[in-house]
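Before any comments, here is the structure.
The values are calculated or read from the model by the stated rules, or taken from the named source; none is laboratory data. Predicted, not measured: the structure shown is a model, and the values here were computed from it. Positions of Cβ are generated from backbone atoms using ideal geometry, with glycine treated the same way; all protein chains shown enter the neighbour counts.
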Amino acid sequence: MELRQLRYFVTVAEELHFGKAAERLGIVQPAVSQQVARLEREFGLLLLDRSSRHVRLTNDGERLLQEARAVLAAADRTAEVAAELVSGRGYLMRIGTAPGMRDRLERGIAVLRGSATDGDVTLVAGTRDEHLAALRAGELDLAFVRGEVAARDLTAVELWREPLSVLAPAAYESEDGVKLAGLADLPLRLPPDAVLQDKMVAACREAGFEPVLGRPVHNFEDVVVELSVGPPAWTVVYGAACEPSEGPLWMGPIAPPLSVPGQLVTRAGRSPECLDAVVAAFR
């Protein structure tokens, strides 16, 4: 089923004449007849009672007409919202954010707003699971999360790949990146992030060892202090490594490199035009 088929059907139902419907749509009559007939075949229903003298709606056609009008109204409204998002006029967008997203958010919001100022954006911090639940509940319009998203009621578009970097004792510094197997004897401390935990446990097992998990990391600044003055351990962070500096710790890449997808997620059913506009803004 295509939107144009519904639109043709609704127009014929309102005109009760294929020729007038075609004229109103600005296309030839055979195209209208073919598309309406195709719609009937897809549904397995007779929607219009045709004769040489009249065109009338069947009972099934009367019932479907109400639903078709509702679908078309929703599609038209979605297109209007997309245009508002692109032009920046009169929108309210609620965005679930993740750490390290400042530059992408500033660029994307600026694109959507354009030169207008009468739109509003609300940024909502939260975990990946909180954002997905809020999208389903209609409390967010879109969210940025890390890791794969596979759900029929959500649409996810990968916008970037997030590299992973190691923070470890300086003795493990390597210009070519540290091999995970070389860290096997040290406890691995990770934040309560299921995506990062699953990724690193799987990567360690692939490297030939079962990681010894240390205390969870709840704050990056705190773990830097603890790793600097406490027993040797290592952790993993999102993002490219910063320049190595003198001191007890070293931050650097993993060899071979590891990364996770960065996804823009919204509810399923958004119009392609609206989704494309948002993706283009934030890509």
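Residue-by-condition table, conditions (1) surrounded by fewer than 17 Cβ atoms within 10 Å (Cβ to Cβ); (2) not in a loop (DSSP other than H, G, I, E, B):
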residue: S165; (1), (2): no, yes
residue: P192; (1), (2): yes, no
residue: G208; (1), (2): yes, no
residue: P211; (1), (2): no, no
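Is at least one residue of the range 255-268 in the same structural domain as V124 (by TED's automatic domain parsing), assigned to a loop (DSSP other than H, G, I, E, B) and under 19 Å from the mean Cα position of the chain (by Cα)?
Within the range 255-268 (the criterion being in the same structural domain as V124 (by TED's automatic domain parsing), assigned to a loop (DSSP other than H, G, I, E, B) and under 19 Å from the mean Cα position of the chain (by Cα)), the answer is yes, since at least one residue qualifies.
Just checking, which of G119, G147, G138 is of a type outside the set (A, V, I, L, M), surrounded by fewer than 17 Cβ atoms within 10 Å (Cβ to Cβ) and either modelled with pLDDT of 90 or more or outside the structural domain of E14 (by TED's automatic domain parsing) (or both)?
Working: G119 fails: surrounded by fewer than 17 Cβ atoms within 10 Å (Cβ to Cβ); G147 fails: surrounded by fewer than 17 Cβ atoms within 10 Å (Cβ to Cβ).
The match here is G138.
Restricting attention to the range 123-137, and to residues there that are out of contact with any Lys or Arg (no Cβ under 7 Å at 6 or more places or on another chain) and aliphatic (A, V, I, L, M), which single residue is farthest from P192 (Cα to Cα)?
Checked the range 123-137; the qualifying residue farthest from P192 (Cα to Cα) is A137.
Taking C204 as the residue in question, decide whether it is at pLDDT below 90, out of contact with any Lys or Arg (no Cβ under 9 Å at 6 or more places or on another chain) and part of a helix (DSSP H, G or I). Spell out how you get there, then give the answer.
Numbers: at pLDDT below 90: no; out of contact with any Lys or Arg (no Cβ under 9 Å at 6 or more places or on another chain): yes; part of a helix (DSSP H, G or I): yes.
So C204 fails the test.
Can A181 be described as small (G, A, S), within 18 Å of P256 (Cα to Cα), out of contact with any helix residue (DSSP H, G or I) (no Cβ under 9 Å at 6 or more places or on another chain) and assigned to a helix (DSSP H, G or I)? Even if it seems obvious, please write down each step before you answer.
Numbers: small (G, A, S): yes; within 18 Å of P256 (Cα to Cα): yes; out of contact with any helix residue (DSSP H, G or I) (no Cβ under 9 Å at 6 or more places or on another chain): no; assigned to a helix (DSSP H, G or I): yes.
So A181 does not fit the description; no.
Please state which one of A31, A37, A13 is in contact with a Gly (Cβ under 9 Å, 6 or more places away or on another chain), among the aliphatic types (A, V, I, L, M) and in a helix (DSSP H, G or I).
A13
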